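Single-structure report; data block below.
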Amino acid sequence: MVNKKVFIDLFYFLFTYFLFFGGVLLSHIIFVVNFIVDLKLSIGMVSYVLLITGFLLFVSEVCLALSMERNQLTIKNFWTVVFMYLTYSQMWIFLVIYSSFLEMKRIVLRQEVKWYKTQRFKSIEKQKQSV
């Protein structure tokens, strides 16, 4: 039973991160190359439907999350979500590339895995010292 859970978790991880990242990266490469050389690509109606569906899913998902909080689903926040759709994925690409580089560097140099935690509250010892 444990092996099945591990397989499902790895399968989910593969599709969530690696496959999505590969698809986004390939899409960007085709986009940039098409500016330099005419690839004579013709996308069908299915591609338009997928593009519109992805946009609507992102906007509706974030707006649904905003609607859970009082006075957060405003026109200004709606337009912010639309702007996020155009910018968030682009920043995510650089984040994944950078983190992949750091992970490969860690593996090649055989460095220890470190978990950096953000300190959110003063520790009890620091509070005692300040008193």
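Spot the failing condition for Val131; the list is (1) surrounded by 10 or more Cβ atoms within 10 Å (Cβ to Cβ); (2) modelled with pLDDT under 80; (3) not small (Gly, Ala, Ser), and only one is missed.
For Val131, the exception is condition (1).
Restricting attention to the stretch 82-96, does a residue exist that is more than 17 Å from the chain's Cα centre (by Cα) and exposed (fewer than 11 other Cβ atoms within 10 Å of the Cβ)?
No, every residue in the stretch 82-96 fails to be more than 17 Å from the chain's Cα centre (by Cα) and exposed (fewer than 11 other Cβ atoms within 10 Å of the Cβ).
Among residues belonging to the stretch 65-92 that are in contact with a Leu (Cβ under 7 Å, 6 or more places away or on another chain) and hydrophobic (A, V, I, L, M, F, W, C), point out the one that is nearest to Ser27 (Cα to Cα).
Ranking the candidates gives Leu66 first.
Would you check if Lys76 is basic (Lys, Arg) and modelled with pLDDT under 85?
no
Has the stretch 56-68 got any residue that is free of Cβ contacts under 8 Å to residues at least 24 places away in the same chain and either exposed (fewer than 10 other Cβ atoms within 10 Å of the Cβ) or not assigned by TED's automatic domain parsing to the domain that holds Leu86 (or both)?
Checked the stretch 56-68: at least one residue is free of Cβ contacts under 8 Å to residues at least 24 places away in the same chain and either exposed (fewer than 10 other Cβ atoms within 10 Å of the Cβ) or not assigned by TED's automatic domain parsing to the domain that holds Leu86 (or both).
I'd like to check something: does the stretch 28-47 contain any residue that is out of contact with any Gly (no Cβ under 8 Å at 6 or more places or on another chain), modelled with pLDDT under 80, within 20 Å of Phe18 (Cβ to Cβ) and surrounded by 11 or more Cβ atoms within 10 Å (Cβ to Cβ)?
No: zero hits.
The values are calculated or read from the model by the stated rules, or taken from the named source; none is laboratory data. Every value quoted in this text rests on a predicted model; they were computed, and no experiment measured them. Every residue, glycine as well, gets a Cβ built from its backbone with ideal geometry; the counts of neighbours run over all protein chains shown.
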